[in-house]
1. How would 1, 37 rank on accessible area, largest to smallest, probe 1.4 Å?
2. Which of the listed residues, 50, 355, 285, is farthest toward the dipole's positive end in the chain, when Lys, Arg count +1 and Asp, Glu count -1 at the beta-carbon?
3. Please report how far the C-alpha centroid of the range 1-47 lies from that of the range 95-122, rounded to the nearest whole angstrom.
4. Have a look at 193, 205, 248 and report the one farthest towards the positive end of the charge dipole of the range 158-274, computed about the Cα centre with Cβ charges (Lys/Arg +1, Asp/Glu -1).
5. Cα centroids of the range 177-192 and the range 281-315: how far apart, whole angstrom?
6. Kindly flag which residue pairs out of 163/311; 26/185; 26/371; 185/311 have an alpha-carbon separation exceeding 28 Å in this structure.
7. Could you tell me the relative contact order of the range 128-205? Use alpha-carbon pairs under 8 Å, at least six residues apart, and round to a whole percent.
8. Solvent-accessible area per residue for the range 97-246 at a 1.4 Å probe radius, Å²?
Amino acid sequence: MKIIYLHQYFNTPEMSGSTRSYEMAKRMVRRGHTVEMITARTDGLSGRNGWFVEDVDGIKVHWLNVRYDNSMGIVRRLIAFLLFSFRASIYASRLQGDVVLASSTPLTISIPGVRVSRKLKAPLVLEVRDLWPEVPIAMGALRLPGSIFCARRLEAWAYRCAKRIIALSPDMRKGVIATGVPQDKVVCIPNSADVELFQGDGAAGGRFRAEQSWLGDKPLVLYAGTFGRVNGVDFMVHMAAAMRQLNPDVRFLAVGGGAKFGEVRELASDLGVLNENFFMERAVSKARVVELFAAATVCCSWVVGLEPLWKNSANKLFDAMAAGKPVVINYRGWQKDLIDQEGIGLVVPVDDADLAARMLDSFLSDEIGLKKAGEAAFSLGKARFSRDMLAAEMIEVLERAAQSS
């Protein structure tokens, strides 16, 4: 089977950011399928104009330079989305394939997805990583009635044209079905735990701790992800300020990049915690992320207090499982239910950093409880969210779609 895989933000392990599409495509290749990845090089480092092709672990990756980062305003981001959508529609239509897999966000990926699907007479499978436009509407990024109307029409059109839809969480699946899509058309394949990657180097955590003069053997609370408008990393800064009064040995580390990175640093400086018990690093490669998680005592995922964001499928949660680390979140939804039911971590309030710090301090002081939560997280990741297992589920969806065409 030849798969045309459209994902604007494909990352290799040497890059920062989610590597889901890389990991899934790599496993498709292992199963004997051919993968043509259509994507954008967003960092501007390739120095090339137009499309260029590389072999990445057996994946034929077609790159187009389209500058993008989380700090861009909504207009510049929309231009980047539409530019890639237009160019990818033309380029990918010249290829051959048995099935088209388009991974959103942005939902504009559905435009080349549908065009290529129709041109090749190949079924389209749409992967929904975030409910769009529900999230940008909740965040206020889409305000005008006309823009909301157009976004809703694009959403309905994309769902209608797809043969199958893959949602990244149970709550996202419910959200897609709520738009009128038949239940049997939508399958949930969440983000996954790459146990092999995170358990491959037993000395990784020790190396990281040895490199950091501020850390040593102190408890480490890690956030590794985007500093975007939805992530609310400033909450972690306020927690660090409160924790400094409770337990000054606890160290907080936030690693990543995005629109709010500078603001978070400024807030940490204003509250007197920057480089005291709160530390920051720019985004790192996936290999470095493995070291960070290995060194962490607990790993965190944050979002601002908007209910549509609770439906996400946070990479950080699954990386924590793969690393065998307890997870701390400040939101509700299916991930809260999972943490509570499986005993893999701690859920703190979204709007009370002082209480959250007290809850975290109590959690960190319970060595037996921490160990049990970490072991439960690892067992859960291996049994229910294994990367290999979920990749096999995705491949089965694609194979069935191709066979039904």
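1. Ranking 1, 37 by accessible area, largest first, yields 1, 37.
2. Ranked along the dipole, the leading option is 50.
3. 15 Å
4. Farthest towards the positive end: 193.
5. Distance between centres, Cα-based: 25 Å.
6. Checking Cα-Cα distances, 26/371 exceed 28 Å.
7. Computed over the range 128-205, the figure is 28 percent.
8. Each residue of the range 97-246 exposes 41 Å² on average to a 1.4 Å probe.
The values are calculated or read from the model by the stated rules, or taken from the named source; none is laboratory data. These numbers come from a predicted model, not from an experiment. So basically every Cβ, Gly included, is an ideal-geometry build from the backbone, and we count neighbours across all protein chains shown. Ligands, DNA and RNA are stripped out before the accessible areas are found, and what is left, the full protein with its side chains, is counted by its heavy atoms. Shrake-Rupley method; radii C 1.70, N 1.55, O 1.52, S 1.80 Å.
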